[in-house]
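What follows is a set of notes on a single structure, which appears directly below.
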């Protein structure tokens, strides 16, 4: 069965590539362009932008009309900025994606979205998102959004080929998402909040890289498949699984320590509510890290949003943590 699956995969790749290399994409059907642009904007990835509510929620300033309006606006602008990066990235990688067994189905690689259109729409969104932030939010919000776009474009062009820097850039993207909500509302950002968010993001990013490296090692018997997986992420073959395991374990430890210090600093031991909810939330946070580490250790944490949304136990722990932290913020 394994041999038949490998044969089928090789046949699918050859169908896309043809005998002399990657085939030219076929023109998309009329009316398919808007759908292709939307698909290229990665709607499944938009869940990451929910992090913009992190700082206002942690400060207990999320539920005023002004706060909700600003957070919704920032969410939309960050989604547009991220879509710009995805469009430009897929346009740059179109030829390489056509040789990949799954990425060949991406709209730009498949010809549903012309490369020139992807560049044009991506460039337009990259300019409009920070400009709209300057008009509708604070100047610092626009600066942060522009910095995100520039950093991610630099990542697409060259930084993704630099060891360790690639991990730092992706992690910083998550940290910027968590910061921008507080920046838009003028909320001071706790140092422990920033450390927890930053190292929590590094934990998930390095766990994803580790899972990809494990899968590539498992595919080593199929030389062609391993080569394609390595080509998809140029630095994947430069990292060892031992190093990536060290990074996600280190990041998990720092994130837990920073969260505990943050929780203990905010409200003391007992607090003023019925129970010390903020301190009790440490239990749920640690359990969430430990649960996610199960998937990281197995090498199945390749898509963080899938792990978080599909694992019922992790989802339940997350709900309990949200409830505890919400009660702490409400001082109930």
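Each reported figure results from applying straightforward, stated rules to the coordinates on display, with no laboratory input. What you see is a predicted model; the values in this text were computed from it and never measured. Here Cβ is always computed from backbone atoms with ideal geometry, including for glycine, and neighbour counts include all displayed protein chains.
With no solvent and one point per C-alpha, what does the Debye sum give as log10 I(q)/I(0) for region 276-332 at q = 0.16 Å⁻¹?
Values, matching the q order: -0.50.
Which residues in region 185-216 place their backbone N less than 18 Å from a point set 7 Å from the Cα of residue 143 along the Cα-to-Cβ direction?
185-190
Using the number of other C-beta atoms within 10 angstrom as an exposure proxy, rank 141, 172, 241 with the fewest first.
Result, fewest neighbours first: 241, 172, 141.
How high is the relative contact order of region 140-202? Use alpha-carbon pairs under 8 Å, at least six apart in sequence, and give a whole percent.
Over region 140-202, the number comes to 38 percent.
How long, wide and thick is region 46-189, going by the Cα atoms along their three principal axes, in whole angstroms, largest first?
Projected onto its principal axes, the Cα set of region 46-189 covers 49, 31, 24 Å.
Taking the number of other C-beta atoms within 10 Å as the exposure measure, put 66, 161 in order starting with the fewest.
Ranked by crowding around the Cβ, least crowded first: 66, 161.
Using the number of other C-beta atoms within 10 angstrom as an exposure proxy, rank 158, 238, 206, 281 with the fewest first.
Final ranking by Cβ density, sparse to dense: 158, 238, 281, 206.
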